[in-house]
Amino acid sequence: MAFPHRYRLPVLVAALLFCVLFAAPALASLPYYNRDLGYTIWLGDGWSVAENARLERFALVEDGLDALAAGWEAGYVLNGSDSVCLLVSKLSGRVVSRNAISEFNRHVVRQLQRDTGRSRGWRAESPVHLRRANYDSDKAVLRLEMDATGQNGRPVSAVVYIVYTRGGMLKFLGLTEKGDAAGLRAIDKAVSTLYLDQGLSQ
């Protein structure tokens, strides 16, 4: 069906406007694929990949899980600063059955509860305090939210995500200033976009 000449320009403009409006959400975030760790993460506006030199600045950062200590293999920062960041490492071991995951989750939570109030974790004088723990069985992700102290001695909020895959376990650590609810939401939103090469079928 051909449009009369006087309608062609408005129809073209409307079509272009439609494309721009519906393309905007896709352009607002970009996928970052990590072949070594086997995941893709979609990061919204303001996030950028942390270079190796910046990752080294987090080398001494701990998350209260001493038994799961590992070097940071990837990382992302929000708005170019270290006030909101997301660090990634691979954990040793492999837990894939429902029972094994439940037992491992209980072990991790018990360890953090036991260590709360002791002089260990982030700094000798400022231990990690577990605030809440949640397990999403659909996504096979354990989320641990904690109060702690950063390397600069200031209070921070830390969120650890243990992600179970068929190939092993990944650990994501989100850090933000204490009380920064927007920063925590940004971290949660970023982690929620994870796509795994070897997702865990349950």
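For segment 29-196, what is the convex hull (Cα atoms) projected area averaged across all directions, in square nanometres?
So the mean shadow area of the Cα hull is 8.9 nm².
How much length would be gained if the chain were fully extended between Glu177 and Ser83, taking 0.36 nm per residue of separation minus their Cα-Cα distance, in nm to one decimal?
Gain on extension, Glu177 to Ser83, equals 33.2 nm.
On the accessible surface of segment 29-196, probed at 1.4 Å, how many percent belong to carbon and sulfur atoms?
Numbers: 3960 of 8450 Å².
Roughly 47 percent, rounded to a whole number.
Put +1 on the Cβ of each Lys and Arg and -1 on the Cβ of each Asp and Glu in segment 29-196; which of Val163, Gly179, Val77 then has its Cα farthest toward the positive end of the dipole?
Looking along the dipole axis, the top candidate is Val163.
Sorted by accessible area (1.4 Å probe), largest first, how do Asp188, Asp45 line up? Can you show the working numbers first?
On the way: Asp188 50, Asp45 145 Å².
Sorted descending by solvent-accessible area, the residues read Asp45, Asp188.
Which order do Lys90, Lys139, Lys189, Lys171 take when ranked by solvent-accessible area (1.4 Å probe, heavy atoms of all protein chains), largest first?
On the way: Lys90 95, Lys139 115, Lys189 145, Lys171 5 Å².
Sorted descending by solvent-accessible area, the residues read Lys189, Lys139, Lys90, Lys171.
Check Ala74: other-chain or 5+ apart residues with amide H under 5 Å from its amide H, H built from backbone geometry?
Val88
The values are calculated or read from the model by the stated rules, or taken from the named source; none is laboratory data. The model shown is predicted, which means the values in this text are computed figures rather than measured ones. Neighbour counts run over all protein chains shown; Cβ positions are idealised from the backbone, glycine included. Surface accessibility is based on the protein's heavy atoms, side chains included, excluding ligands, DNA and RNA. Shrake-Rupley method; radii C 1.70, N 1.55, O 1.52, S 1.80 Å.
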